């Protein structure tokens with residue numbers, strides 16, 4: 001791989017890409033986001049399932065190029081697809097994000113074996129980090145999750161008061177992860193960082209004994 005093959009993306013740019021994709025393919029922004037439906041709208045791309053992908057090759061998902069047909073397949077392990085829904089959804093979102101962000105790199109990946117080689121590349125962590133961020137931004141858009149957090153926080157502090165911010169944050173994370181159909185760690189990470197930053201807002205509100213989030 002050549003360094004110039006890797007496009008650079010800032011966090012604001014990744015958020016913008018997610019916003020534009022959702023505006024184009026998921027009108028109304030209803031939650032949970034139907035990531036399969038969004039992927040199905042990608043031109044010259046199919047979503048398919050492969051038994052043993054994770055057990056044999058150690059990956060839950062992959063993007064395979066078919067250069068002679070000018071198309072891609074997003075592959076997901078069959079057992080993952082039939083198992084934990086939040087893990088499946090994030091796997092689909094992450095592989096789709098790779099395709100949107102790193103198409104030029106993926107055009108050279110024509111087999112699962114070449115997927116493994118890509119994962120072993122010394123700079124893979126860079127493209128993986130960007131794909132994970134875009135996947136999170138697609139599954140957990142800022143506007144609705146902020147609205148939901150502002151609604152849940154007062155409900156919780158009325159029950160437990162202001163003495164235990166960790167319990168309040170855990171409650172908000174659990175409720176939101178269930179609604180958005182993502183794992184609690186994925187939701188926690190999203191709520192910790194810009195452009196959401198909800199956990200910091202909760203800490204501030206509880207320290208000041210406010211029954212609302214600013």
On Cα atoms only, tilt of 198-207 relative to the major axis of the chain in degrees:
20
Given the DSSP H assignment, sum -39500 (n - 2.57) over each helix run of at least 4 residues in the chain and divide by its residue total; what's the result at 222 nm in deg cm²/dmol, nearest 500?
-18500 deg cm²/dmol
Which whole-number percentage describes the relative contact order of the range 142-207, with Cα contacts under 8 Å and a sequence gap of 6 or more?
36
Can you give me the angle between helix 85-101 and the longest principal axis of the chain, using Cα atoms only, in degrees from 0 to 90, rounded to the nearest 10?
60
Restricting to Cα pairs below 8 Å that are 6+ residues apart, what does the relative contact order work out to for the range 3-139? Please round to a whole percent.
29
Using only Cα atoms, tell me the angle between helix 124-139 and the longest principal axis of the chain; keep it within 0 to 90° and round to the nearest 10.
50
The simple spin-label model distance between residue 170 and residue 40, using points 7 Å out along Cα→Cβ, in nm, is 3.9
At 7 Å along Cα-to-Cβ for each site, give me the label-to-label distance between residue 100 and residue 160 in nm.
3.3
Take the Cα atoms of the chain, find their three principal axes, and give me the spread along each one in whole Å, biggest first.
62, 36, 34
Where does each of 194, 26 land when they are ranked from fewest to most other beta-carbon atoms within 10 angstrom?
194, 26
Using the alpha carbon gyration tensor of the range 41-127, what are the three equivalent-ellipsoid semi-axes (square root of 5 times each eigenvalue), largest first, in whole Å?
19, 15, 13
Evaluate E = 1/(1 + (r/R0)^6) for residue 29 and residue 150, where r is the Cβ-Cβ distance and R0 equals 22 Å; express this FRET efficiency to the nearest 0.05.
0.85
A correct fewest-to-most ranking of 187, 206, 156 by other Cβ atoms within 10 Å would be 156, 206, 187
Taking neighbour Cβ counts within 10 Å as the exposure measure, how do 101, 138 sort from fewest upward?
101, 138
Rounded to the nearest 5, the percent of DSSP beta bridges in the chain running antiparallel is 50
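FYI, it's all coordinate maths here, none of it is from the lab. All values derive from a computational prediction rather than experimental measurement. Counting neighbours? That spans all protein chains shown, and the Cβs are built from the backbone with ideal geometry, glycine included.
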